Ligand SMILES: NC(=O)c1ccc[n+]([C@@H]2O[C@H](COP(=O)([O-])OP(=O)(O)OC[C@H]3O[C@@H](n4cnc5c(N)ncnc54)[C@H](O)[C@@H]3O)[C@@H](O)[C@H]2O)c1
């Protein structure tokens with residue numbers, strides 16, 4: 001049995017990964033989460049014999065160390081973080097506290113011989129790029145806002161623990177991800193809510209900023225397949241992998257697509273642009289991810305239909 005710890009495991013991406021992990025009888029999954037934006041309802045229900053939930057704050061060393069010293073943890077997915085453009089802009093000092101969480105994970109992973117740490121970094125580390133598609137090895141990092149700087153420093157912690165102590169790691173740079181169970185303050189779930197319940201679908205700026213949207217199953221399958229590779233090959237070198245989709249659309253096109261798929265009468269309207277944090281363009285190079293996924297990416301309209309069929313909104 002392999003022990004896998006998922007921090008932030010009651011969140012959108014974490015809980016979706018947990019669903020996949022517990023289907024494998026070789027894994028015992030420990031979820032820790034402070035439930036600040038996550039919810040126990042997002043966790044699978046029927047598999048409690050290999051799933052343990054502990055409510056705690058990863059930024060608190062004493063709390064998190066008790067988990068590492070009580071369970072023989074093999075792999076850590078460190079996904080806990082304050083997330084969301086608006087939320088992170090509103091609470092910059094709180095965002096900076098997440099540096100402590102990543103330091104705690106590195107230190108404890110090293111001291112308890114964890115086999116590998118998988119870290120959820122973000123496309124935000126590239127900042128406002130001029131280099132497209134954004135490549136893990138060649139595109140310069142240009143983090144400015146606290147959330148991006150914290151993710152960048154998190155990456156540096158992992159690299160440094162690898163250099164000094166040989167801690168194995170993989171950095172996933174997640175680009176916009178969407179799917180059932182996502183909180184409604186993210187653009188796709190927000191537009192769906194507005195399309196159903198409100199008179200307007202609201203866009204910041206002129207809607208010409210572009211994004212790519214990665215369906216949650218593509219994120220989870222790629223990261224899970226990578227875990228299996230690392231189980232197979234414990235000495236795999238450190239990796240940095242963009243996890244996203246390379247189909248680029250404007251936010252206006254996204255609003256129009258959602259309006260159509262929901263048969264909504266809501267009007268698409270434009271708000272003043274955000275002062276900060278709304279990049280003009282994002283487009284990842286996902287050559288590495290495609291090899292891991294080994295199947296076609298989920299098209300946007302199919303992913304949105306899955307959300308509508310699931311009918312679960314947070
Ligand atoms: N969703 C995306 O598009 C996206 C894009 C880039 C990066 N990411 C990263 O992926 C990870 C997961 O994001 P998500 O979209 O699932 O967000 P989410 O808010 O649904 O999940 C984050 C989880 O972490 C928990 N958490 C926050 N601070 C914690 C702490 N100090 N201790 C314990 N638990 C804590 C929250 O309660 C929540 O359950 C985050 O690290 C995020 O920065 C997500």
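Annotations for the structure displayed:
- The set of residues in the stretch 108-117 being surrounded by 15 or more Cβ atoms within 10 Å (Cβ to Cβ) and in a helix (DSSP H, G or I) consists of 108, 109, 110.
- Residue within the stretch 231-240 that is in a strand (DSSP E or B), more than 13 Å from the ligand (Cβ to nearest atom), surrounded by fewer than 23 Cβ atoms within 10 Å (Cβ to Cβ) and within 15 Å of the chain's Cα centre (by Cα) present: yes
- Condition met for residue 217 (within 22 Å of residue 124 (Cβ to Cβ), modelled with pLDDT of 95 or more and either assigned to a helix (DSSP H, G or I) or more than 15 Å from the ligand (Cβ to nearest atom) (or both)): no
- For the stretch 89-107, the set of residues classified as more than 9 Å from the ligand (Cβ to nearest atom) and either buried (at least 21 other Cβ atoms within 10 Å of the Cβ) or part of a strand (DSSP E or B) (or both) consists of 95, 102, 104, 105, 106, listed by residue number.
- All positions within the stretch 4-32 that are surrounded by 18 or more Cβ atoms within 10 Å (Cβ to Cβ) and farther than 24 Å from residue 244 by Cβ: 5, 22, 27, 28, 29, 30, 31, 32
- Matching residues, the stretch 61-75, being within 21 Å of the chain's Cα centre (by Cα) and either within 13 Å of the ligand (Cβ to nearest atom) or not in a strand (DSSP E or B) (or both): 64
- Being in contact with a strand residue (DSSP E or B) (Cβ under 7 Å, 6 or more places away or on another chain) and free of Cβ contacts under 8 Å to residues at least 24 places away in the same chain is a property that holds for residue 55.
- Matching entry among 167, 158 (being in contact (Cβ under 8 Å) with a residue 40 or more places away in the chain, part of a helix (DSSP H, G or I), surrounded by 22 or more Cβ atoms within 10 Å (Cβ to Cβ) and more than 12 Å from the ligand (Cβ to nearest atom)): 158
- Residue match in the stretch 259-279 (condition: in a helix (DSSP H, G or I) and touching a helix residue (DSSP H, G or I) at 6+ places or on another chain (Cβ under 7 Å)): yes
- The set of residues in the stretch 23-52 that are farther than 20 Å from residue 183 by Cα and either outside the structural domain of residue 93 (by TED's automatic domain parsing) or within 13 Å of the ligand (Cβ to nearest atom) (or both) contains only 30.
- Hits in the stretch 14-55 (condition: assigned to a helix (DSSP H, G or I) and within 11 Å of residue 3 (Cα to Cα)): 21, 50
- Qualifying residue in the stretch 171-187 (condition: within 28 Å of residue 292 (Cβ to Cβ), modelled with pLDDT under 95 and in a helix (DSSP H, G or I)): yes
- Members of the stretch 118-134 that are buried (at least 16 other Cβ atoms within 10 Å of the Cβ) and not in a helix (DSSP H, G or I): 118, 119, 120, 121, 122, 127, 129, 133, 134
The values are calculated or read from the model by the stated rules, or taken from the named source; none is laboratory data. All of these numbers come straight from a predicted model, not from anything done at the bench. Cβ: placed from backbone, ideal geometry, glycine included. Neighbour counts: every protein chain shown.
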